[in-house]
Amino acid sequence: MSNVHPYVGRSQPRVDGALKVTGQAKYAAEFTADDLAYAAAVPSAIAKGRIAKLDLTAAKAAPGVIEILSHENRPETPKDDKPYLNDMVAVPGSPFRPFRDDRIAFSGQPIALVVADTHEHARDAAALVIAEYETETPVVDVAAVRNEAYDPPEKRNGIPPPPEPRGDAAATFAGSQIRLEQDYRVSPEHHNPMELQATTVIWEGDGALTVHNKTQGVMNPKNYVCAVFGLDPEKVQFFSPFVGGSFGMALRPHYDVFLAVMASLKLERSVRVVLTRQQMYTMGWRPDVLQTVALSANGEGKLTSIQHHAIQATSQFEDYQEPTVNWSGLIYDCANVSLKYELAKVDTSTPSDMRAPGATLGVYALECAMDELAYATGVDPVELRLRNYAEKDANDDKPFSSKELRAAYEQGAERFGWSKRSPEPRSMKEGRELVGYGMATGCWEAMMQAHSARVTLSADGRLEVACATADIGTGTYTILAQIGADAMGMDIEDVVARVGDSTLPMAPVEGGSWAAASAGSAVQVACKALKEELLKHARGIDASPLANAGLDLVTFENGRITLDSDPKMSVSYVDAVRASGRGEVEAEGDFAPDEKFTEAYAAYTHSAVFAEVRVDEELGVVRVQRIVSAIAAGKILNLATARSQILGGVVMGVGMALHEATEWDKSLGRIMNANLGEYHIPSHADIRDIDVIFVKEDDEANPLGVKGLGEIGVVGAAAAVANAVFHATGKRIRELPITIDKLL
Ligand code: MOS
């Protein structure tokens, strides 16, 4: 073995890459059993009202049909008369309960489940279910109910409400030299991951279930299902080793898992439910939000007041909340700040977290307003941000644990060539295209959660690192293997990482960009305990060369525990395992955020995003020529997977700026483009150069110095593009996406 440490900080190829590209990685809908039945959910054709009649005659007579479940014959659950357990990331309100009664709360709501002998038979029979409805008029446009906006009656766990106002923003605004007030709107979005939401329940007999469910954290649907159906947690295990993209969609359990478990228990056999692409639009979504930002400044561009008001859509049955406006109180230094966040109910499914929930929307509005302020004051957009640089988190009145945003502005601007920008809109042109340079700031929380991990060294000299967290494509497998390999001084080829398995040590959902810092730290803690165990066994060997050695006197490297004072004195890991008298030695580690530290400091990641667009004025076509995203996010564990995270976030930002929009028919309340043909996400031809810079940033929030990267890449990206479009064209489009019709 060669000395290749540290793995952490390098560009390490994905340890699960080969499994994925060779098709060996199995996803929730790919697990099977001899007695597997296939189920298809029947979607409601109305958005609001009740089911007057279900005619199942034709469906029941269709080939291969085994059972049809609906509100009319749904098996009772122990929770029928009680509120359901709120899942780990639930929001206030009453979670959607499939088949509870005849009420329809949103378009596409499942009204029946057809179970058949094949997937095709189930789909075919599902299409034969005839429903008659009593229809009520739905409202799906948040603007139509803005007068009914209300303060969230109950705070969502983990989501800070807007900070108290400081100073007097309204009066300062009125008396300020330069002021602007604008409304911003972003079209609702859906996550659109590649992998469909799916559950395969394997009936193990005697009430035991093995559940393969697409989820961002196996413990969450496991706890939910056990509570709802009254199942013994010892007999129900959840697995989700691979997730084909999620972006927040699979944080909460969806109706696929409820229906699959219900059918499996009823039929006492294995059942699979796979949602259709259309049904992927019947769950969480990035909520519609009306935003107004008012900024005032003095002649030098120093902010004198910030006011940010958001009215965000939620469903009739839950008060979904995001920290949308909070960012406006912490990104810039300003003495007079007033932030307001309200909800308004529409007849849709409950919105959900979608990559950087709240920040993606709120920072977009703030950063476009800042761009407008740059023109109003004649101050360069980067310089404007430097003049208003926040040295502390004024929302919580705390210093930042670290903040290298200045370096991000500097290095991003340098790499991008910002100095070549001529400030006037429409002043840069190449050929027939207008050229625009725009930039924006991004910000996201650096969160941590309690996690546990187990590490096991076996007699063949291999290390397993295991935690019930998920890898949703982010690279969790790889960074956990890197951390384990470094901690134990081993070759990464000899390390196997395991996640997505509810029998493994506890982890919450993988979300909020907290997994790397938290699960990674837990692995580190576990490895320290493993070293102690191994050394204990090594000391116990007859005439052990390490007889009196303590942990601080030895080095673990290249498969050997070696005395620092005499390198000839060593014991191999394998011999230490053998000396234990067992086939393997294992240790567990628990990580919890250091409360003193998190009390004392505000921890955030930051970015400076620079975009160049080309606009063909005759055609209205916008092309994003290049983007430079400079990220300050603490220690980077793996340059390759980290860069991929930022690339993905930036692409999503481009989608938000130019392409993505879920279009509801406002009179019927139904989504008109619930498919990837008409819901436009950026394709390869839409994306050219994306350059990612990781700014050096030292942070002590955890021993790894990691802040997390899954979400910061998307924040600010859409604003940078929108600002570049203004610079190119002189047209300020305050409604995303900026489609051709808005520019012509
Ligand atoms: Mo993220 S929206 O917490 O998966």
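Structure summary
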item: Kirkwood Rh and Cα Rg combined as Rg over Rh, evaluated for segment 332-441; result: 1.03
item: Length released on extending from Ala143 to Lys696, taking residue separation times 0.36 nm less the Cα-Cα span; result: 194.8 nm
item: Axial C-alpha extent at least 20 Å, average Kyte-Doolittle at least -0.5 - helices from the chain (DSSP); result: 359-377, 515-539, 639-658
item: Assigned charges on the beta-carbon of Lys, Arg, Asp, Glu; the chain dipole about Cα centre (debye); result: 860
item: Label-zone membership for segment 289-328, site Ser94, 7 angstrom Cα→C-beta point, backbone N under 11 Å; result: 317-318
item: Protein accessible area in the chain, 1.4 Å probe - carbon and sulfur %; result: 49
item: Residue-averaged 222 nm ellipticity for the chain, from DSSP H runs of 4+ at -39500 (n - 2.57), nearest 500; result: -7000 deg cm²/dmol
item: Surface accessible to a 1.4 Å probe, Ile690 within the full protein complex, Å²; result: 30
item: Spatial separation of Cα centroids for segment 654-694 and segment 551-591, in angstrom; result: 53
item: Computed E for Ala685/Ala547 - FRET, C-beta separation, R0 60 angstrom, nearest 0.05; result: 0.35
item: Given charges at Cβ of Lys, Arg, Asp, Glu: segment 145-251 dipole, positive-most of Ala198, Val186, Asn147; result: Val186
item: Accessible heavy-atom area order of Glu404, Glu533, Glu342, highest first, probe of 1.4 Å; result: Glu404, Glu533, Glu342
item: Distance between modelled label sites at Thr503 and Arg582, nm, 7 Å Cα→Cβ extension; result: 1.5
item: Percent of Cα pairs exceeding the 18 Å cut-off, where the set is segment 17-108; result: 66
item: Label-point separation, Glu204 to Glu599 (7 Å along Cα→Cβ), nm; result: 4.3
item: Net charge dipole size for segment 1-87 [Lys, Arg +1 and Asp, Glu -1 on Cβ; Debye, nearest 20]; result: 480
item: Highest to lowest packing among 64-74, 274-284, 36-46, 461-471, scored as the average C-beta count within 10 Å; result: 461-471, 36-46, 274-284, 64-74
item: Of Leu366, Val211, Ala516, farthest towards positive along the dipole that unit charges on Lys, Arg, Asp, Glu beta carbons give the chain; result: Leu366
item: Charge tally in the Cβ shell below 11 Å around Ala717, where Lys, Arg are +1 and Asp, Glu are -1, Ala717 excluded; result: 0
item: Projected-area mean, segment 22-76, by convex hull of Cα positions, square nanometres; result: 7.0
item: Inter-label distance, nm, simple model (7 Å from Cα along the C-beta direction), Asn298/Val4; result: 5.8
item: Sparse-neighbour loop sites [GluC sites (Glu not before Pro); segment 649-744; at most 15 other C-beta within 10 Å; DSSP]; result: Glu663, Glu678, Glu700
item: Asp232-Asp665 FRET efficiency (beta carbon distance; Förster radius 51 Å; 0.05 resolution); result: 0.65
item: Heavy atoms of Phe597: accessible area, 1.4 Å probe, square angstrom to 10; result: 30
item: Candidate residues Asp575, Asp102: accessible-area rank, largest first, probe 1.4 Å; result: Asp575, Asp102
item: Extension reserve of the Asp590-Lys155 stretch, reckoned as 0.36 nm per residue once the Cα distance is removed; result: 153.7 nm
item: Cα shape, segment 493-641, gyration tensor, a/c 1.5 rule; result: prolate
item: Accessible solvent surface per residue of the chain, calculated while the other protein chains remain in place, 1.4 angstrom probe, Å²; result: 37
item: Low-density loop cleavage sites - trypsin sites (Lys or Arg not before Pro) in segment 633-740, where at most 10 other Cβ are within 10 Å (DSSP); result: none
item: Filter on Lys302/Lys707; Lys214/Lys266; Lys302/Lys340; Lys302/Lys429; Lys214/Lys666; Lys666/Lys731 - keep pairs with C-alpha separation over 24 Å; result: Lys302/Lys707; Lys302/Lys429; Lys214/Lys666; Lys666/Lys731
item: Antiparallel %, DSSP beta bridges [both residues in the chain], to 5; result: 75
item: Using a Förster distance of 60 Å, the FRET efficiency for Ser419-Arg123 (Cβ separation, nearest 0.05); result: 0.55
item: The chain shape via C-alpha gyration tensor axes, a/c threshold 1.5; result: oblate
item: Sorted peptide list for 378-384, 646-652, criterion being average Cβ within 10 angstrom, highest first; result: 646-652, 378-384
item: Lys, Arg +1 and Asp, Glu -1 on Cβ, resulting dipole of segment 661-717 about Cα centre, debye, nearest 20; result: 280
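The values are calculated or read from the model by the stated rules, or taken from the named source; none is laboratory data. As the structure is a prediction and not an experimental result, all values here were calculated from the model. Here Cβ is always computed from backbone atoms with ideal geometry, including for glycine, and neighbour counts include all displayed protein chains. The accessibility values were calculated without ligands, DNA or RNA, using every heavy atom of the protein model including side chains. Shrake-Rupley method; radii C 1.70, N 1.55, O 1.52, S 1.80 Å.
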